[in-house]
Each structure stands twice: as C-alpha cells, then as structure tokens.
Amino acid sequence: MITLDEVRAAILGAVAPLAPAELPRDEALGLVLAADVVSEYQVPPFANTAMDGYAVRAVDTAGAADSAPVRLRVVGTLAAGAAPTTTVGDGEAIRIMTGAPMPDGADAVVMVERTTRDDDAGTDRARDGVFVHHAAVAGDHVRPAGGDLEIGELVFTAGTVLEPAHLGVLASIDVQRVLVHPRPRVGVISTGDELVAAGAVGPGQIRDSNRPMLLALITRAGFDAVNLGIARDDEAGMTAAIADALDRCDALITSGGVSVGDFDFVSNALEQLTADDADPRARVDWYQIAIRPAKPLCFAFVRGRPVFGLPGNPVSSLVSFEVFARPALRAMAGQRDTQPRVVLAVAEEAMPRKVDGKLHLDRVALRLVDGRYLASGVRAQASNALAATAAAQGLALVPDGDGVAAGDDVMVQLLD
Ligand code: AMP
Ligand code: MG
C-alpha cells in the first residue's frame, strides 16, 4: 500500500493549470488571475473628504476650541458628485459632504460635530457662517488622490484568487475583463448496474447518491459540474462513456468500479483509452492507498485530461474527492495553495481504532467554542453510511495506532 501523501503528490504532479482565458470581471469570482494587474488610474481619483463637515484652511482655525470658537464665512456647499467651483479664501469655509472633492484653497476638513452653525445669519446667504470649535491640522480628514492606488502601481499579482473585494478594486480602476485560469469543467459519471437515478427501485437496485453529491461538491468548490449520467458495468459501454466525457470536460470523475470485483471495469476502460494515446503523459495508475475509507483509487491521464476513478461507497467517494480530486482541481484552476485546510482540534470524545497500517479519516462534527475546534465522531463510520457522514464538517486524521483519547489534540481536515 502507498501513502495518501505519495498519491496526492503524484496526482498533483500530473495536472497543470488550465490555459488562461479572458473573462468578464463579474464572471471571475473565485478564479485565479493569470497575469499581474497594474493600475491605470489613481484611487481615489481626486482628493476628497472622509467626513461630513467644513473644508477650511487649517491656519484659519488656529487656536479654535470649545471655549474659543472661530467664525468662518461659509461660501458654498459641496455634495459628493459635485465639481468644486468656489475657492476657499482667507476666513472662509465650504460645507462639504463625505466623498466630495476638496475645493481649492482648503487643506483640511473639520468634522461637522466640531462645529456649530451661526444661526444669526438666518436666510441671508451672504452672512452664512460657522463656528469652528477645533484647531484643524493640514490634511485632517482629507483622502489624497492616489492614496489607495497610484497610476502604474502593481495592484494584484498573477496567482491571486479573486474574492469579492478584488472585484470591487478592479471595478474602481475600470478593469472590465481579466485574464484568469478558467473554471475547470468537471464531468461526473456514476458506474454500476445496480444504480437508478430516481424513483422506484427493483430487486437489487439502489438510487445513485454519488452523482448528485459529487456534482454539488464540484459546484460548491467553484468549478463547472457536468452531469454525465450512469454508465453500466460493461467494458465497451464504459469505455465509450469515458471517451465521450473526455471530449466535453477538462477533468472527469467517476465513482464505483475501481475495486477488485468481477465487474469493476473503470481501469480496464481507461487502459483501453490510453493504449492509443500518443501523449507521453498518458497513464493509468491503480492505487491501494493506506487510508480508511477510500482505499482504492484509479487515477488516469488520458487525452490530456485527468480522470479520477473514485471508489463507489458513498463515504469513500466523498473522502476520496476531498483528499485527491479537490486539490488537483484546485491546481487546474490555477490555485497555488492546493493543500486541504487542516486545523488542530480537541477530541470531545475518544476516537478508538485498531492498528492496521492505515491513516483513518474519521468523519467528525466540529464545534467552534471560544476559538477552539471541538471534534466528535459522527454516529457511524462505515463507508456506506452517508446519512451519518452528512453531519460531518471535518475528517479527523487519526494516525495508525489505538486512536485518540478524549481531550487529546487531533488534526482535522475541514470539509468545504
Ligand atoms: P463498487 O466500487 O462499484 O464495487 O461499489 C461499492 C459499493 O458502492 C457498492 O455497494 C455499490 O452499490 C455502491 N455504489 C457504487 N456507486 C454508487 C452510487 N453512485 N451511489 C450509491 N452507491 C453506490
Ligand atoms: Mg460497481
């Protein structure tokens, strides 16, 4: 048996980021930049006020205090979106709202809370005035042009994962299209003569749970999931289904048919397809991995595309996706950080196990209490018990041995 780390490293070594493509910015959430972004604009584009208040010349407010307010003539009002037309001269102020451009002459803003209006003026605009109760310092509450970004500044480097704030920044510098690694299109095929998609089941039949689960895992991971139905347990049909899938997708995930049973045809089908593949990277690797669940895995690289032959038991499929397929798909999406997220947790109860030479990935529920994760095993750990697994938020990595005692630390891989 081979270790999880060895298999994951082999798979990651076989996949590569998808060729960059230009996409509309607003379709790029979660995608990875394939080129640096340099700003062609200043942000903010002009000096403006961070506060509602009065644009003043700081020298005019020298010595101002609650006990000694300074009166300034108010010569105008500036709202956000207005273009200033009036200059602030000696002893003058302009009433100004957050985001409005700083008028010429002014070098500071006094926030409205530190002023009182001179009511004596009534409606006579010529006598409009304000009492300033605070001595401003030049630059107070002024956001300078280019304070956030300058022209020519490196905004984001290639490899950046575009999160919502990144899209906002790109909009602020009018970047409408971005060069990114596209979302991998990932096909999903279930295999098995016993499977029905929905509705009534006949003798020996079960409903296909892996396909909806895997499609949802792919979608939630931010990739494009392609539902390719059920392939039956015959080698020719399976080969044709996989060949067709490879024409339509960047990667393929199958479930079932990778054990040592008489009707496990996935690796045979993949062998057939690689036989006439001239690509030197073409390969079919059939692994027995020292983990539980998800011991068997067939990984192939066929027609330039990776195929993940996951085991059929639903919990095994889920675990295998998390530890092998997800990191590889992230790499294809251009993500540089492909490793699963693992946290340190405290076992709320014992997680006993037997020595068997394998790493156990026990499904655990996680609670975050006072900043610490507490892990407790879900009610059943059998590899077909998907209903029990549905309650899990993590995979406890229980090393070979006799298990983890209550209160012990345990590493837990977070589920999405
Ligand atoms: P296999 O790896 O094909 O031998 O399948 C192992 C077990 O997983 C068997 O009990 C299958 O019936 C079950 N199984 C395989 N595929 C699915 C699926 N898509 N949904 C639910 N159970 C499955
Ligand atoms: Mg099967």
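Below, the figures for the structure above:
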| read-out | value |
| --- | --- |
| Residue check, residue 387 open to solvent by 60 Å² or more (accessible area, probe 1.4 Å), part of a helix (DSSP H, G or I) and either out of contact with any strand residue (DSSP E or B) (no Cβ under 9 Å at 6 or more places or on another chain) or basic (Lys, Arg) (or both) | yes |
| Of all residues making up region 208-229, the number that are open to solvent by 30 Å² or more (accessible area, probe 1.4 Å) and within 14 Å of ligand 2 (Cβ to nearest atom) | 1 |
| Which numbered condition residue 265 fails, given (1) away from ligand 2 (no atom under 16 Å from the Cβ); (2) in contact with an Asp or Glu (Cβ under 8 Å, 6 or more places away or on another chain); (3) open to solvent by less than 60 Å² (accessible area, probe 1.4 Å) | (1) |
| Unmet requirement for residue 367, which otherwise passes all of (1) in contact with a strand residue (DSSP E or B) (Cβ under 6 Å, 6 or more places away or on another chain); (2) over 26 Å from residue 280 (Cβ atoms); (3) open to solvent by less than 60 Å² (accessible area, probe 1.4 Å) | (3) |
| Unmet requirement for residue 261, which otherwise passes all of (1) within 15 Å of ligand 1 (Cβ to nearest atom); (2) at pLDDT 95 or above; (3) not acidic (Asp, Glu) | (2) |
| Pairs, first away from ligand 1 (no atom under 13 Å from the Cβ) in region 206-229, second among the hydroxyl-bearing types (Ser, Thr, Tyr) and open to solvent by 60 Å² or more (accessible area, probe 1.4 Å), C-beta under 9 Å, six or more apart | 225/219 |
| Qualifying residue in region 288-304 (condition: of a type outside the set (A, V, I, L, M, F, W, C), touching a strand residue (DSSP E or B) at 6+ places or on another chain (Cβ under 6 Å) and either farther than 29 Å from residue 379 by Cβ or open to solvent by less than 10 Å² (accessible area, probe 1.4 Å) (or both)) | no |
| Cβ-Cβ under 6 Å pairs, at least 6 apart or on other chains, region 153-169 side closer than 18 Å to residue 44 by Cβ and at pLDDT 95 or above, far side buried (at least 18 other Cβ atoms within 10 Å of the Cβ) and among the polar types (S, T, N, Q) | 153/39; 155/39 |
| Qualifying residues in region 305-342 (those that are surrounded by fewer than 17 Cβ atoms within 10 Å (Cβ to Cβ) and among the basic types (Lys, Arg)) - the one farthest from residue 292 (Cα to Cα) | 336 |
| Odd one out for residue 112 among (1) in contact with a Pro (Cβ under 6 Å, 6 or more places away or on another chain); (2) open to solvent by 40 Å² or more (accessible area, probe 1.4 Å) | (1) |
| Selected residue (only one of 77, 85 is assigned to a strand (DSSP E or B) and either without any contact (Cβ under 8 Å) to a residue 40 or more places away in the chain or closer than 17 Å to residue 48 by Cα (or both)) | 77 |
| Test: residue in region 343-352 that is among the aliphatic types (A, V, I, L, M), out of contact with any strand residue (DSSP E or B) (no Cβ under 9 Å at 6 or more places or on another chain) and open to solvent by less than 40 Å² (accessible area, probe 1.4 Å) | no |
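The values are calculated or read from the model by the stated rules, or taken from the named source; none is laboratory data. This one's a predicted model, so the numbers in the text were calculated from it and none came from an experiment. As a convention, Cβ positions derive from the backbone with ideal geometry for all residues, glycine included, and neighbour counts pool all protein chains shown. Each accessible area value is taken on the protein alone, full model and side chains, heavy atoms only, with ligands, DNA and RNA left out. Shrake-Rupley method; radii C 1.70, N 1.55, O 1.52, S 1.80 Å.
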